[in-house]
Amino acid sequence: MRREASSEDMLNMSKPILVVTTRYTKDVEDRIDRDYNARRNPDPFPFSQQNLLSTAEGADALFITPADRLDAEFFQKVSPSVKTIATYSVGFEHIDLEAAARRKIPVAHTPGVNSEATADVAILLLLGASRRAYEAQELVRTGAWKPMSPDMLLGWQVGGKVLGILGMGRVGQAVARRARGFGMKIHYSDASELPVETAGDAVYHKDRSDLLRASQFLSLHAPETPQTHHFLDSKAISLLPAGAIVVNAARGGLVVDDDLIAALRSGKVAAAGLDVFEGEPELHPEYVALKNAFLLPHIGSATIETRTAMGMLVLDNVDAVLNGKPAPTLVPNRSREAA
């Protein structure tokens, strides 16, 4: 006997279909369940491209993460029903924007909401590297802690030192505010000099080489572009003061791993704090053996508050497009503007 559709069935049928590729915080999940007919990834690992394409058949929108790589072939094959794609990230290197523009699919991201959390982690990296936190914790956790002589585990104070910031956007500015609280002197390099009401007493360097020469501590906060890819190579490292400390909470591709590892081994770079890696979650295996490398697994935005705000912004973007409005945080793309 044929079952009549219930009011709940009818409601679900009227909701937009949203492909959701992983799980999020409770508030985000509750909003998805309330407002969308969600198609979810049943597996703990990312969709294969073919499975994502199959799941997207007839869907209205995609809620993805950087683990989902959307290349030109994906956009050639994706269902014509898909009206927008929103990524749970600031970066969008995992999406072929030109291919998306050719299909006239707007792509949105989540800038601005993770700045404070990422800045917190940058300071954690800076302090963890400068105070040899990995080595110290290893002594405690392995039971190797014995009475220590006054010259053991000597680190480097941050107060009074120059912190060079490459990329003085939202995160860079938030790092500068925190670092000033430790008595650090802020120098920065960016595409253009910031207004004094924003930069405060920070010293601007138009030439990145001048920034490097001044930076006793160097914190990377630039996006990865053709101009910044592998910025920190052996030549750049050679300009740093001897015993500089390097922090990267931006993108792994800003660093040439072999060159930084060589500098950490030689002492040219005294220590590094890294939350991001080229090719992550894989990372250069030689980092793991270095006691002067303080390593984290890309947790810059990993607070309940920030991850919830990111998810809500993704859904705001999807809601807007499906209601015929511009996405609030559309990815900038010249190809789309020209289309």
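Centroid-to-centroid, using Cα positions, the stretch 42-99 and the stretch 225-285 are 31 Å apart.
Stretching the chain fully between S48 and Q137 yields a gain of 28.2 nm (0.36 nm per residue, less the alpha carbon separation). In this structure, the amide hydrogen of T110, modeled 1.01 Å from its nitrogen in the peptide plane, lies closer than 5 angstrom to those of S89, V90, counting only residues at least 5 positions away or on a different chain. With K and R counted +1 and D and E -1, the other residues having a Cβ less than 10 Å from that of T303 yield a net charge of -2. Taking the Cα centre of the chain as origin and assigning +1 to Lys and Arg Cβ atoms and -1 to Asp and Glu Cβ atoms, the resulting dipole is close to 400 debye. If you take all other residues with their beta carbon under 12 Å from the beta carbon of A59, and give Lys and Arg +1 and Asp and Glu -1, the sum is +2.
Among the trypsin sites (Lys or Arg not before Pro) in the stretch 136-235, those placed in a DSSP loop whose Cβ has at most 14 other Cβ atoms within 10 Å are K206.
Rolling a 1.4 angstrom probe over the stretch 16-158 with all protein chains present gives an accessible area of which 54% lies on carbon and sulfur atoms. Looking only at the chain, where both bridge partners belong to it, what percent of the DSSP beta bridges are antiparallel (to the nearest 5)? In the chain, approximately 5 percent of DSSP beta bridges are antiparallel ones. Of all aspartates and glutamates in the structure, those lying under 12 Å Cα to Cα from K15, and not within fewer than 8 positions of it along the same chain, are D33, D35, D60, D319. Here E93 sits with roughly 90 square angstrom of accessible surface, probe radius 1.4 Å. Across the stretch 279-287, rounded Karplus estimates of 3J(HN,Hα) from the backbone phi angles (6.51 cos²θ - 1.76 cosθ + 1.60, θ = phi - 60°) give x, 4, x, 6, 9, 4, x, 6, 4 Hz, Gly and Pro being marked x. Hydrophobic, long helices, defined as DSSP H runs whose alpha-carbon span along the helix axis is 18 Å or greater and whose mean Kyte-Doolittle value is at least 1.0, occur in the chain at 115-130. Pull out a ≥ b ≥ c, the square roots of the eigenvalues of the alpha-carbon gyration tensor of the stretch 202-339, then state rounded if a/c is under 1.5, prolate if not and a/b is larger than b/c, and oblate in the remaining case. Prolate is the answer for the stretch 202-339, as a/c is 1.5 or above and a/b outweighs b/c.
Within the listed set L139, L163, L18, the residue fluctuating most in the Gaussian network model of the chain (springs between alpha-carbon atoms under 10 angstrom) is L139.
The values are calculated or read from the model by the stated rules, or taken from the named source; none is laboratory data. Note that this is a predicted model, so its numbers are computed, not measured. Cβ: placed from backbone, ideal geometry, glycine included. Neighbour counts: every protein chain shown. Please note that ligands, DNA and RNA were not included when accessible areas were found on the heavy atoms of the full protein model with its side chains. Shrake-Rupley method; radii C 1.70, N 1.55, O 1.52, S 1.80 Å.
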